[in-house]
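Encoded as structure tokens, the structure appears first; notes follow it.
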Amino acid sequence: MRRAFFLFAISLAACTEAPPPKPEATSLLGEPLFARQDTTGEIARADSGLAAAPDDVERIIAAARVRRNWWQYRDEIALYTRAIALAPSDWRPRRFRGHRYISVREFDNAVRDMERARALAPLNWDVSYHLGLAYFVSGRFADAADEYLRCLRLAVDAATAAVDSEDFRSCSRNGTDPGSRVAMTEWAARALLRAGRQTEAEVLAAAIPDTLEVGENVSYYHDLLYAKGHKTAEELLNLGPDAPYRLETVGYGVATRLLVAGDTARATEVLQRIVADPWWPGFGRIAAEADLARFAGRVPPSP
């Protein structure tokens with residue numbers, strides 16, 4: 001009797017146990033990628049505000065944006081889709097959803113959203129940056145380079161400067177904000193290198209001053225200094241406990257240059273270290289996955 005009851009209790013517990021979480025995405029190398037649990041209650045607070053005005057686009061975007069902190073990208077994408085239906089001419093939901101499609105490794109969807117966002121907001125820095133990235137991870141390196149260069153050229157455009165504001169970072173920031181400039185310049189240089197346009201990449205890097213205050217984008221700055229010969233690969237790859245960035249952010253720039261220089265074995269070693277980084281939404285990690293998958297024939301080669 002007791003044994004039967006014990007077995008019943010075990011069976012009941014198994015039935016009531018919460019199902020395992022579904023992954024938000026699968027890496028390009030086959031690894032399931034999971035969200036994190038909100039331990040602060042910020043999602044619940046945002047959802048409460050949205051419940052009071054469910055068709056308010058600003059509240060929909062706010063409820064979506066807090067989910068990025070917890071890598072809950074599928075719910076975030078669904079909310080942006082809702083916002084797009086309500087405000088099809090608003091560039092922001094397209095830009096945000098396109099970014100998240102990159103995060104979940106759906107690059108074709110990312111390109112479509114970001115191209116639409118560019119049509120709606122052609123002078124926006126964030127739109128250009130993420131469209132360039134969507135092209136890059138898709139293997140469309142020349143398209144990525146051209147997009148980044150387009151925005152970089154607008155740094156001195158009067159009309160672009162006129163629309164810049166706290167809520168709209170225009171491409172003029174490439175001329176006024178060193179952090180914005182080095183981030184876009186480094187991705188442009190990477191894209192140019194992969195597109196076989198090495199001289200243009202070298203010119204871009206050479207134009208970056210040797211002493212800049214770039215804030216959180218110091219990883220991109222150090223990659224550019226590496227391109228100029230002022231940093232070594234060892235300095236950038238052997239991170240100490242107080243390093244101001246993760247390996248995936250700075251290491252991808254090193255791997256790109258090793259790859260273009262013909263040191264495929266060392267580049268592959270760095271890429272493999274990057275994809276082991278648990279910070280799976282990182283752009284460097286996504287790009288490293290794309291390269292390794294492409295080398296293995298798992299994604300289409302660049303056009």
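The values are calculated or read from the model by the stated rules, or taken from the named source; none is laboratory data. Keep in mind that this is a model prediction, so the values were computed, not measured. With ideal geometry, Cβ positions are generated from the backbone for all residues, glycine too; neighbour counts draw on all protein chains shown.
Could you please let me know if Val260 is closer than 24 Å to Tyr148 by Cα and either over 21 Å from the mean Cα position of the chain (by Cα) or among the polar types (S, T, N, Q) (or both)?
Details: closer than 24 Å to Tyr148 by Cα: yes; either over 21 Å from the mean Cα position of the chain (by Cα) or among the polar types (S, T, N, Q) (or both): yes.
It is true that Val260 is closer than 24 Å to Tyr148 by Cα and either over 21 Å from the mean Cα position of the chain (by Cα) or among the polar types (S, T, N, Q) (or both).
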Exercise for review: Pick out the one residue from Ala161, Ala183 that is part of a helix (DSSP H, G or I) and more than 26 Å from Gly282 (Cα to Cα).
Suggested key: Ala161
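Can you tell me which residue among Gly240, Gly229 is more than 25 Å from Val275 (Cα to Cα) and assigned to a loop (DSSP other than H, G, I, E, B)?
Gly229
Here is a yes/no grid of residues against (1) closer than 13 Å to Val254 by Cα; (2) among the charged types (D, E, K, R):
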site: Leu192; (1), (2): no, no
site: Arg197; (1), (2): no, yes
site: Ile208; (1), (2): no, no
site: Val218; (1), (2): no, no
site: Gly229; (1), (2): yes, no
Practice item. Examine the range 54-73 for a residue that is in a loop (DSSP other than H, G, I, E, B), of a type in the set (S, T, N, Q) and more than 19 Å from Arg100 (Cβ to Cβ), and state whether such a residue exists. Key: no
Review point. Within the range 25-33, is even one residue free of Cβ contacts under 8 Å to residues at least 12 places away in the same chain, under 28 Å from Gly284 (Cβ atoms), not in a loop (DSSP other than H, G, I, E, B) and not acidic (Asp, Glu)?
Key: yes
Practice item. For Ala63, indicate whether it is in contact (Cβ under 8 Å) with a residue 12 or more places away in the chain, touching a strand residue (DSSP E or B) at 6+ places or on another chain (Cβ under 9 Å) and either more than 25 Å from Ala290 (Cβ to Cβ) or among the hydrophobic types (A, V, I, L, M, F, W, C) (or both). Key: no
Review point. What about Glu76, is it of a type in the set (Asp, Glu), farther than 29 Å from Pro32 by Cβ and either surrounded by fewer than 18 Cβ atoms within 10 Å (Cβ to Cβ) or in contact (Cβ under 8 Å) with a residue 12 or more places away in the chain (or both)?
Key: no
Study note, to complete from the structure: Here the qualifying pairs (Cβ atoms under 8 Å; residues six or more apart or on different chains; first in the range 264-278 and without any contact (Cβ under 8 Å) to a residue 40 or more places away in the chain; second surrounded by 16 or more Cβ atoms within 10 Å (Cβ to Cβ) and part of a loop (DSSP other than H, G, I, E, B)) come out as Asp277/Arg246
Review point. So Trp279 fits all but one of (1) of a type outside the set (A, V, I, L, M); (2) in a helix (DSSP H, G or I); (3) surrounded by fewer than 21 Cβ atoms within 10 Å (Cβ to Cβ); what number is the exception?
Key: (2)
Check your understanding: What are the residue pairs meeting all of these: first residue in the range 290-303, first residue closer than 17 Å to Thr26 by Cβ and in a loop (DSSP other than H, G, I, E, B), second residue at pLDDT 90 or above and of a type in the set (Gly, Ala, Ser), Cβ atoms under 6 Å, and 6 or more apart or on different chains?
Key -> Val299/Ala293
Review point. Is there any pair with a first residue in the range 245-259 that is over 20 Å from Pro278 (Cβ atoms) and at pLDDT below 95 and a second that is aromatic (Phe, Trp, Tyr) and surrounded by 24 or more Cβ atoms within 10 Å (Cβ to Cβ) whose Cβ atoms are under 6 Å apart and which are 6 or more apart or on different chains, and what are they?
Key: none
**Study point:** Counted residues, the range 176-232 - those being among the small types (Gly, Ala, Ser), surrounded by 18 or more Cβ atoms within 10 Å (Cβ to Cβ) and over 18 Å from Ala261 (Cα atoms)
**Key:** 3
Practice item. Confirm whether Leu123 is surrounded by fewer than 18 Cβ atoms within 10 Å (Cβ to Cβ) and at pLDDT 95 or above. Key: no
Review point. Does the range 253-267 contain any residue that is on the phi < 0 side of the Ramachandran plot, outside any helix (DSSP H, G or I), crowded, with 16+ Cβ neighbours inside 10 Å and among the charged types (D, E, K, R)?
Key: no
